[in-house]
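Peer 1: Sending over a structure as structure tokens; questions will come in a sec.
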Amino acid sequence: MSKEDPQEFVDRMLADGVAGGASDMYFIPGPDTMNVRRRINGLQQDITIIPREFGERCTARLKVLAGLLTYRTRIAQDGAIRGHKKLGNAELRISVMPTSHGERVSIRVLQGGASPWHLDDLGFPERVVEELRSMLKHPAGMIVLTGPTGCGKTTTIYALIRELLKDEMDPSSIITIEDPIECEIENISQVSSCGEPGWGYAPALRSALRHDVKTLIVGEMRDQEVVRVTLDAALTGHRVITTYHAGDIPSVYARLLHQGFEPFLISSAITGVLSERLVKTANGEGRVPIVAVMTPDDQWRDFITRIPELGELRKKIKEYPGADLAAVAGDMIRSGIIPPDTRI
């Protein structure tokens, strides 16, 4: 490591991360050292390892930049870095939490300006793009996106919003509820779900439903209350686009059923599910999405009302071409698009 002081080191790490297209950066403490990592295109990579004491001074520097209390080291804190001269228009969302070896820092990079992505830019197969466009034509119902952190769910959501706007939907009829707001889109109402105590996804959702909203974007269905309100919105004439941590399409249904939601509500509310992964290409020179998509038909809806187990769901999904993530990945391996050892 050079003779940089913590301020210089942190500024360089942040500037290099933003310039290099990192979506996330991490300062992870260990017994004697701190590991500095980045996530680029969904893939985490080690940047450097620094001595623990130096790392603690770097953490303090990050907390100062984010407006956090440097002397509070045993509680979680969240803040943001805006207007840093070396970061251009980027905004950094900082989350600090105590661990057994010191404070861990996670940094989400929000690039300034509106997201340029449209459905045709995502690298999805044409059949997937057309199926998503078909889902958007439904005036009501829920489109669910699932996949691991960094797989591109948020990018896909913004592309879906742009698709709606391209079709001349009134921007004032779209409300997004996000944590955090990833990028600004002109003329639509974007709401942050983080703020004062008592404010969050569920209260924001209920408030949004009192406005003349046609499309609701719910950044994440995090708990049962949010899922309940979101399902109700989808069943009462609203188009809802949301994300849900479940993994693949069968797991979305299995988890909703496991949480105790009525199967007829689930089967009636969901108009489409998309599962994403972002993996290395076979030549190792880039990354490519693996995408499974499903538009439920009457047979699938009837199947859901029987409250199937996850194993039954995974067996049934094989009857729907393009909806089985493992099968899609297998086809891509056989076509030489991704390597044989790809794990999903």
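Peer 1: Rounded to whole Å and sorted largest first, list the principal axis extents of the Cα atoms in region 70-130.
Peer 2: 52, 30, 13
Peer 1: Something else: For the chain, what is the Kirkwood estimate of the hydrodynamic radius, computed as the reciprocal of the mean inverse distance between distinct Cα atoms, to one decimal in Å?
Peer 2: Result for the chain stands at 21.7 Å.
Peer 1: Taking Rh as the Kirkwood radius computed over C-alpha pairs, what is the Stokes-Einstein D of region 42-156 at 37 °C in a medium of viscosity 0.692 mPa s, expressed in µm² per second?
Peer 2: It diffuses with D of about 187 µm²/s by this estimate.
Peer 1: Cβ neighbours within 10 Å, averaged per peptide: list 134-145, 305-316 in order, most packed at the top.
Peer 2: Order by mean packing, descending: 134-145, 305-316.
Peer 1: OK, next. With every protein chain kept in place and ligands, DNA and RNA left out, what is the accessible area per residue of the chain? Probe 1.4 Å, answer in Å².
Peer 2: Value for the chain: 48 Å² per residue.
Peer 1: Sticking with this one: Report, as a whole number in µm² per second, the diffusion coefficient that Stokes-Einstein gives for region 255-344 at 4 °C and 1.567 mPa s using the Kirkwood radius over alpha carbon pairs.
Peer 2: 90 µm²/s
Peer 1: Now, a different point. Once the mean 1/r over all distinct Cα pairs of region 27-70 is inverted, what Kirkwood radius in angstroms do you read off?
Peer 2: 11.2 Å
Peer 1: Let me ask you something else. On a 20 Å Cα-Cα criterion, which of the cross-link pairs Lys86/Lys153; Lys137/Lys214; Lys280/Lys315; Lys166/Lys280; Lys63/Lys153; Lys137/Lys318 come out too long?
Peer 2: Among Lys86/Lys153; Lys137/Lys214; Lys280/Lys315; Lys166/Lys280; Lys63/Lys153; Lys137/Lys318, the Cα-Cα distance tops 20 Å for Lys86/Lys153; Lys280/Lys315; Lys166/Lys280; Lys63/Lys153; Lys137/Lys318.
Peer 1: While we're on this one: Would you mind pulling out the separation of the Cα centroids of region 143-178 and region 257-314, in Å?
Peer 2: 18 Å
Peer 1: Let me ask you something else. Give the carbon-plus-sulfur fraction of the accessible surface of the chain in %, rounded to a whole number; probe 1.4 Å, heavy atoms of protein chains only.
Peer 2: 49 percent
Peer 1: Tell me the mean residue ellipticity at 222 nm calculated for the chain from its helices only (DSSP H runs of n ≥ 4, each -39500 (n - 2.57), averaged over every residue, nearest 500).
Peer 2: -10000 deg cm²/dmol
The values are calculated or read from the model by the stated rules, or taken from the named source; none is laboratory data. Given the structure is predicted, the values throughout are model-derived calculations rather than measurements. Virtual Cβ from ideal backbone geometry, glycine too; neighbours counted across all protein chains shown. Keep in mind that these areas ignore ligands, DNA and RNA; they rest on the heavy atoms of the full protein, side chains included. Shrake-Rupley method; radii C 1.70, N 1.55, O 1.52, S 1.80 Å.
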